[in-house]
Amino acid sequence: MTSYHMTPDEFRRYGHEVVEWVASYMEHVEDYDIVPDVAPGDIRAMLPKAAPEQPEPFGTVLRDLDEIVMPGITHWQSPGWFSYFPANVSGPSILGELVSAGLGVQGMLWSTSPSATELEEVVVDWLVDLLGLPQGWKTAGPGGGVIQMSASDSTHTALVVARHRAARRAAVEDMVVYGSEQAHSSVEKGARVAGFGHVRLVAVDDEYAMDAEALREQIAADTTAGLTPVAVISAVGTTGTTAVDPVREVGEIAREHGLWHHVDAAYAGTAMICPEFRRHQDGLELVDSYTFNPHKWMFTNFDCSLFYVADRRPLLDVLSILPPYLRNEASDSGEVIDYRDWHVPLGRRFRALKLWFVLRWYGAEGIRHHVREHVRLARELEAKIAADPRLELVAPVPFALVCFRHGEGNEATDALAAAINASGDVALTPSKLGDTSFLRVSIGQTGTTTQHVDRLWGLIDDNALRS
Ligand SMILES: *Cc1c(COP(=O)(O)O)cnc(C)c1O
């Protein structure tokens with residue numbers, strides 16, 4: 001009689017095949033066209049309408065993976081990937097995911113898997129030191145860190161705490177959240193989900209960083225109008241151009257007016273592992289919460305977003321709800337952390353494992369090496385663009401994102417983007433600042449080297465001539 005389950009022996013056999021499959025993908029990822037040539041519905045049309053009634057051999061699943069799924073994959077892991085931001089992965093991270101899946105624990109409470117909680121405490125504390133964050137953000141301090149799914153969740157959580165803290169002072173419809181005109185869409189979305197009545201996108205300076213004076217004026221105008229300023233988000237590395245908001249000045253304004261100050265360093269947080277970038281986050285002692293994504297630039301598979309608070313009490317005040325079935329001795333003792341109280345979901349994956357694997361495999365030294373290399377490649381490209389009379393840089397390059405345009409205007413810029421992306425082995429993101437088209441080149445994939453950036457430059461050079 002069949003049990004239907006995959007036996008450990010079968011798992012071993014197919015597991016080896018799948019690891020082999022992934023290793024081979026890593027070796028050959030460069031051979032694919034980065035963006036698949038499919039129309040909406042193409043992949044769906046190759047799949048059966050109904051789930052199988054009878055069990056199927058695993059070999060046929062792997063065959064369909066190659067024949068049906070792969071043709072519709074966008075190859076984020078290609079070394080020619082310069083689009084959006086990186087979502088770089090690494091061997092140790094993938095293996096950490098595998099072990100986490102194998103253990104299958106729910107780490108909602110300390111008592112539901114003590115190692116899941118305590119390893120997470122340790123890696124988030126390690127990162128406080130590695131990124132030069134305030135010592136009080138460690139688990140032993142008044143603050144602490146937690147791994148969430150995404151920076152959007154972290155920002156949303158920060159806004160919920162800010163709203164709760166202000167609840168005695170104002171009605172939520174009268175509360176105001178501030179970000180810059182270049183703030184990530186998660187600021188507006190988080191504010192909307194949290195129910196805030198108003199979001200103000202404050203003007204930026206000519207380097208696309210928040211204009212602190214404009215923030216001050218907006219707060220004054222809102223206060224005069226009878227509204228209640230409640231939270232402000234500074235970006236260290238905006239999504240558009242990696243602009244850096246003045247964290248210290250915004251922090252001072254936030255203190256003066258009793259605003260919650262959240263820092264969104266989703267992409268650039270990783271760079272802080274190199275001390276030379278930390279001047280960009282000067283003023284962190286004036287920050288209430290902070291988020292960064294190891295799942296962007298730190299060789300760690302999605303999902304892995306860190307969320308730190310300077311003081312965890314207001315966070316726990318909002319998010320702890322204790323139904324009787326979750327009560328246990330360890331929680332009652334107050335000696336343990338129950339991470340379910342640190343975010344919206346109850347159940348949680350053992351995400352610390354992959355980050356722990358990554359930090360131990362690379363060492364801080366290994367991550368620093370690669371971050372510096374990506375930044376060096378970005379600076380080289382920046383210099384070539386700056387020296388080329390056909391092209392114009394549109395923003396400073398504090399990290400590893402280069403933003404530029406064709407000097408002849410939007411049409412030439414859009415045509416240049418289309419020509420580069422048509423190559424298949426290189427992908428970048430066309431974007432806009434106001435009405436101005438520009439190209440974003442984000443250098444940060446695991447396998448990206450000089451050779452790939454040279455290939456990109458060759459394409460820019462050839463196609464800029466023709467446009
Ligand atoms: C990528 C990004 C986000 C969103 O990150 P998710 O983890 O996908 O939610 C937020 N803010 C900034 C500045 C980003 O670059």
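The values are calculated or read from the model by the stated rules, or taken from the named source; none is laboratory data. Keep in mind it's a predicted model, so treat the numbers as computed, not measured. Cβ sites come from the backbone with ideal geometry, for glycine too, and all protein chains shown count toward neighbours. Each accessible area value is taken on the protein alone, full model and side chains, heavy atoms only, with ligands, DNA and RNA left out. Shrake-Rupley method; radii C 1.70, N 1.55, O 1.52, S 1.80 Å.
Proximity of backbone amide H atoms, modeled 1.01 Å from N, is registered between Val204 and Glu181, Asp211 at under 5 Å, excluding neighbours fewer than 5 places apart on the same chain. With viscosity 0.692 mPa s and temperature 37 °C, the Kirkwood radius over alpha carbon pairs of the range 1-52 converts through Stokes-Einstein to a diffusion coefficient of 224 µm²/s. Measuring how big the range 1-107 is from its alpha-carbon positions, Rg and Dmax come out at 16.6, 53 Å.
The range 395-467: percent of C-alpha pairs farther apart than 14 Å? Tail fraction, whole percent: 59. Sorting Tyr308, Tyr208 by accessible area puts them as Tyr208, Tyr308; the probe is 1.4 Å, largest comes first, and only protein heavy atoms count. Computed on the range 254-350, the Cα convex hull volume stands at 133 Å³ per residue. For the Cα trace of the chain, dividing Rg by the Kirkwood Rh returns an Rg/Rh value of 0.99. Protection proxy ranking, highest mean first, for peptides 273-279, 181-187, 394-400: 394-400, 181-187, 273-279, where packing is the per-residue count of other beta-carbon atoms within 10 Å, averaged.
Ligands, DNA and RNA left out, the accessible area of the range 1-47 computed with a 1.4 Å probe is 57% carbon and sulfur.
As a fraction of the 1.4 Å probe accessible area of the range 53-114, surface on carbon and sulfur atoms comes out at 64 percent. The listed residues Lys384, Lys49 rank as Lys49, Lys384 when sorted by accessible area, largest first, using a 1.4 Å probe. When Leu465, Leu286 are compared by accessible area at a 1.4 angstrom probe, the order from most to least is Leu465, Leu286. The GluC sites (Glu not before Pro) of the range 91-122 include none that DSSP puts in a loop with a beta carbon having at most 16 other beta carbons within 10 Å.
All distinct Cα pairs of the range 98-181 go into the 1/r average, and the inverse of that average, the Kirkwood radius, is 15.5 Å. Rolling a 1.4 Å probe over the protein heavy atoms gives the chain an accessible area of 46 Å² per residue.
With a ≥ b ≥ c the root eigenvalues of the C-alpha gyration tensor of the range 43-182, is it rounded (a/c under 1.5), prolate (a/b larger than b/c) or oblate? Judged from the Cα gyration tensor, the range 43-182 comes out prolate (a/c at least 1.5, a/b above b/c). Averaging over all projection directions, the Cα-based convex hull of the range 100-243 occupies 10.9 nm² in the image plane. Could you work out Rg/(2.2 N^0.38 Å) for the range 274-402, with Rg from alpha carbons only? Ratio of Rg to 2.2 N^0.38 Å for the range 274-402: 1.47. Need one value: the accessible area of Tyr14 in square angstrom, 1.4 angstrom probe, rounded to the nearest 10. The accessible area of Tyr14 comes to roughly 40 Å².
Among the listed pairs Lys138/Lys354; Lys189/Lys432; Lys354/Lys432; Lys296/Lys384, which are separated by more than 28 Å between their Cα atoms? Pairs exceeding 28 Å: Lys354/Lys432.
Packing, as the average of other Cβ atoms within 10 Å across residues, places the peptides 291-299, 81-89, 3-11, 342-350 in the order 291-299, 81-89, 342-350, 3-11, highest first. The fraction of accessible area contributed by carbon and sulfur in the range 260-418 is 53 percent, rounded to a whole number (1.4 Å probe; ligands and nucleic acids excluded).
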